[in-house]
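A short write-up of the structure that comes next.
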Amino acid sequence: MKADQLLEKSKQYMWLPFTQMSDYEQDPLIIESGEGVRVTDIYGKTYLDGNSSLWLNVHGHQKKELDEAIQKQLQLIAHSTLLGAANVPSILLAEKLIELVPEGLTRVFYSDSGATSVEIAVKMAYQYWQNKGVSQKMKFVTLSNGYHGDTVGTMSVGSIELYHKVYTSLLFDALVIPFPAVYRHPSNDEQVVRDESLHKLRLLFEERHEEIAGMVLEPMIQGAGGMNTMPPGYLKGVEELCKEFNVLLIVDEVATGFGRTGKMFAVEHESIQPDIMTVAKGLTGGYLPVAATFTTEEIYNAFYGKHEEMKTFFHGHSYTGNQLGCAVALANLEIFEKEQLVQQASDKAELLTELLADLKELPHVGDVRQCGLMVGIEIVKDRYTKESFSFERRIAYRSTLKMRELGLLTRPLGDVIVLMPPLATTAEQLVEMVAVVKEGIRLVIEENYGLTAAETMNI
């Protein structure tokens, strides 16, 4: 089928996620193929995959070992249900994952996306207390700007007004604690911000811990909430408070897991041992939808008993523990070991920090936030007052469109441009990506303000 025909059919039949379709109709894109860290559209134009195909591609596209793992599994079976019957790849993957996750996590419950893995975590935490006879523990604590998915349960433990406001009447109430964001805090002091937020959490726990089942957070850096980074020591402080007040700590590693932050899991930065942890995205190297929720033996045992005790966890998904997905996940983890990808990611993150330094000098770049290979670049109207552009101006969105013209795919989160390259990205490709980001921002500001190239560079 010709490219123009595909384009018209996409406009006629498709409804894309997190996309205003009138925007898509003005600036459509259809990807046809990919190789390495580049993807190619139906017209033959090639782009650097600057957001890892929404934060999940690890090794680039068409990774030989991953392709072969799927082909090998296809010769045996593509899928059989995990409801009441395990399968070989799911068992082997579970064993491997338990070797990798923090000590104390001993059980794996599979699903098929980040949202479902967190939904499971919330339900597990809730039912855990019910099964233990502590029926008053029904509330959850979350951080402002937290994002954990788009199911009703995960929206309830999220706190992004733009995404969740319209569904308010569908959601259960969570207790929201301010995220320790330094950039717009009056003190601009990491320690002050950390201690202030932890103090508020302590006060909440002191008053209401008897009714709180768990606290849900993304470790070290928020994703869809604006790429906000935690000050050092904050995550450890949360863990200590959860233990002190008998609140389950639920850590969402969907975006941060599998090397993104320079550690296999972000909790390793502060030696955190969560009660429940979720993963997805990079689990299969970006190939197939597999997610997992890990729990302790203590939580698992609260669900273990005779059928008539009604302790069973009544939750499942049709493709839970899919053999193709688990097989490619196993191959993915083998590559991590063979190529020492986590160390590579840590080294590349240091280079990326150096490359991003120039961006901070652009007139309308207010803040550059980074944790490993996860980067958020906040665009502001006034970098000194930190005043944002009006919602209608969409400077960050238009900057990403300009970057697309220049050969780089990424997405904005409001005023924040995300750069999250695959772990396999080379040093040369990182240089190229950052150069395009810089040029895209510069050109859009120039178009909006009529500034000369020299004035917008100003570095």
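Looking at Gly153, is it of a type in the set (Gly, Ala, Ser), under 30 Å from Tyr287 (Cα atoms) and assigned to a loop (DSSP other than H, G, I, E, B)?
no
Name the residue that is farthest from Val342 (Cα to Cα), counting only residues in the range 80-94 that are open to solvent by less than 60 Å² (accessible area, probe 1.4 Å) and touching a helix residue (DSSP H, G or I) at 6+ places or on another chain (Cβ under 9 Å).
Among them, the one singled out is Ser80.
Since Phe294 meets every condition but one in (1) touching a strand residue (DSSP E or B) at 6+ places or on another chain (Cβ under 7 Å); (2) in a helix (DSSP H, G or I); (3) not hydroxyl-bearing (Ser, Thr, Tyr), which condition does it not meet?
Every condition holds for Phe294 apart from (2).
In the range 145-181, what residues are more than 20 Å from Ile120 (Cα to Cα) and either open to solvent by less than 30 Å² (accessible area, probe 1.4 Å) or without any contact (Cβ under 8 Å) to a residue 12 or more places away in the chain (or both)?
Correct list: Ile160, Glu161, Lys165, Val166, Thr168, Ser169, Ile177, Phe179, Pro180.
Please list, ordered by residue number, the strands (runs of 3 or more DSSP E) wholly in the range 203-286 having 2 or more residues that are closer than 19 Å to Ala94 by Cα.
The qualifying strands (runs of 3 or more DSSP E) are 248-252, 276-279.
Look at Ser399 and say whether it is of a type in the set (S, T, N, Q), buried (at least 18 other Cβ atoms within 10 Å of the Cβ) and assigned to a helix (DSSP H, G or I).
Here the answer is yes, as Ser399 does meet what is asked.
Pairs only if they're at least six apart or on different chains, beta carbon under 6 angstrom, first in the range 285-299 and on the phi < 0 side of the Ramachandran plot, second small (Gly, Ala, Ser) and surrounded by fewer than 23 Cβ atoms within 10 Å (Cβ to Cβ); list them, first residue then second.
Pro289/Ser113; Ala291/Ser113; Thr296/Gly104
Scan the range 323-333 for residues that are under 22 Å from the mean Cα position of the chain (by Cα) and not small (Gly, Ala, Ser) and jot them down.
Within the range 323-333, Cys326, Val328, Leu330, Asn332, Leu333 meet the criteria.
Give the residues of the range 225-265 that are closer than 17 Å to Leu105 by Cα and among the acidic types (Asp, Glu), sorted by residue number.
Glu239, Asp252, Glu253
The values are calculated or read from the model by the stated rules, or taken from the named source; none is laboratory data. Worth saying up front: this structure is predicted, and the values here are computed from it rather than measured. Virtual Cβ from ideal backbone geometry, glycine too; neighbours counted across all protein chains shown. Please note that ligands, DNA and RNA were not included when accessible areas were found on the heavy atoms of the full protein model with its side chains. Shrake-Rupley method; radii C 1.70, N 1.55, O 1.52, S 1.80 Å.
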